[in-house]
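One structure is given below, encoded as structure tokens.
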Amino acid sequence: MKPFAIAIHGGAGTLVKGLMTSDLEASYKSTLTEAMDAGYAVLNMGGSALDAVTASVCLLEDSPLFNAGKGSVFTAKGTHEMDAAIMDGAALNAGAVSLITGIKNPIQLARDVMEQSPHVFLAGEGAMQFAQAQGYLLEEPSYFYDEVRYQQWQGIKDSDTFQLDHSAKKDGKFGTVGAVALDGFGNVAAATSTGGMTNKRWGRIGDSPLIGSGTYASNATCAVSCTGSGEFFIRGVVAYDVSCLMEYKGMSLVDAAAKVIHERILKIGGDGGLIAVDVEGNVAMPFNTEGMYRAFKKWNGETALGIYKD
Ligand code: ASP
């Protein structure tokens, strides 16, 4: 049997165990399991890595628990601006969207950019026009309203501060989401989706939709999806860096991912983590924060789900 595997994340950050209720923890775990299983089912039925990561990320976007799709954080204007990217490691095809509003599943729109347009990255008004041309219906702002996110924003809205929803105030609501997969045909894919940072302004865009920074996939090496302080992940070109260490230095996936998260990104002050899968089905999920919502499942039955450091 050819190897296949799926790994997902729901954001890295300063997750403090004592501040998490057991009910909330159970909700996180069951949503992560559901998203992981959805991607795994696609692979197990002979589906593509691209379909698997799309399925997993859509489920995470539909949950209010994570900072993507429905659970997206508030911008400085009190709106929700979402970013997403998807990459197919087989042909190095990619699609990304940024600063979009009202779209239920940004990852699907990113995929449509890849498959239905001649472009890679569409942003703002233009991306919304493309969505309209593709027949997307828009959700009302109330679909994205969430009391906890609102209170997070109220706490900093009149300041110049912008924050990772999973750092400062430990209120139990975290995370950009992502998925990486290897399918039975040897193809890898990566997908990342986010609401960005609370109180962001000026059209701020993080690493998530940037191919090479927050999202990358190549059949020559691996697929990577990142989460953390986007400004640093952009400067560190993190996802591509993992791939480069493998391709040009011959490092293993686990060593390359650890080097980037525990050495290279730390050196410039970046906090966060990533998930990655290589073309042999190895999985790496390093993070340099207190925790990262994460899970993986492989063809050989190996599986794990975690929130905090082990
Ligand atoms: N990396 C994302 C961003 O900077 C945030 C996150 O991972 O939660 O937009």
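The values are calculated or read from the model by the stated rules, or taken from the named source; none is laboratory data. Since this is a predicted model, take the numbers as computed values, not measurements. Methodologically, a virtual Cβ is constructed for each residue, glycine included, from the backbone with ideal geometry; neighbour enumeration extends over all protein chains shown. Each accessible area value is taken on the protein alone, full model and side chains, heavy atoms only, with ligands, DNA and RNA left out. Shrake-Rupley method; radii C 1.70, N 1.55, O 1.52, S 1.80 Å.
In segment 230-254, the residue that is farthest from Ala90 (Cα to Cα) out of those that are open to solvent by less than 10 Å² (accessible area, probe 1.4 Å) and within 14 Å of the ligand (Cβ to nearest atom) is Gly230. Applying a threshold of 8 Å to beta carbon distances and a minimum spacing of six or more residues, or different chains, the list of pairs starting in segment 83-101 at a residue that is within 23 Å of Met197 (Cα to Cα) and ending at one that is part of a strand (DSSP E or B) and of a type in the set (Asp, Glu) reads Ala96/Asp83; Val97/Asp83; Ser98/Asp83; Leu99/Asp83; Ile100/Asp83. As a summary of the residue check, Lys29 satisfies the conditions (1) within 16 Å of the ligand (Cβ to nearest atom); (2) surrounded by fewer than 24 Cβ atoms within 10 Å (Cβ to Cβ) except for the one numbered (1).
The set of residues in segment 1-26 that are open to solvent by 60 Å² or more (accessible area, probe 1.4 Å), out of contact with any Phe, Trp or Tyr (no Cβ under 9 Å at 6 or more places or on another chain), part of a helix (DSSP H, G or I) and touching a residue at least 24 places away in the same chain (Cβ under 8 Å) contains only Leu19. In summary, strands (runs of 3 or more DSSP E) completely within segment 257-310 and bearing 3 or more residues that are modelled with pLDDT of 95 or more and under 21 Å from Tyr216 (Cα atoms) occur at 272-278, 291-298.
Selection of segment 179-217 for residues being open to solvent by 10 Å² or more (accessible area, probe 1.4 Å), of a type outside the set (S, T, N, Q) and more than 10 Å from the ligand (Cβ to nearest atom) yields Gly184, Phe185, Gly186, Arg201, Trp202, Gly203, Ile211, Tyr216.
Selection of segment 51-78 for residues being in contact (Cβ under 8 Å) with a residue 40 or more places away in the chain and outside any loop (DSSP other than H, G, I, E, B) yields Ala52, Val53, Thr54, Ser56, Val57, Cys58, Leu60, Glu61, Gly69, Lys70, Gly71.
Applying the set (1) crowded, with 24+ Cβ neighbours inside 10 Å; (2) more than 14 Å from the ligand (Cβ to nearest atom); (3) at pLDDT below 95 to Asp165 leaves exactly one unmet item: (2). Count of segment 36-68 residues, restricted to those that are within 14 Å of the ligand (Cβ to nearest atom), out of contact with any strand residue (DSSP E or B) (no Cβ under 6 Å at 6 or more places or on another chain) and modelled with pLDDT of 95 or more, is 0.
Restricted to segment 263-287, and to residues there that are touching a helix residue (DSSP H, G or I) at 6+ places or on another chain (Cβ under 7 Å) and within 13 Å of the ligand (Cβ to nearest atom), the residue that is most open to solvent (accessible area, probe 1.4 Å) is Phe287.
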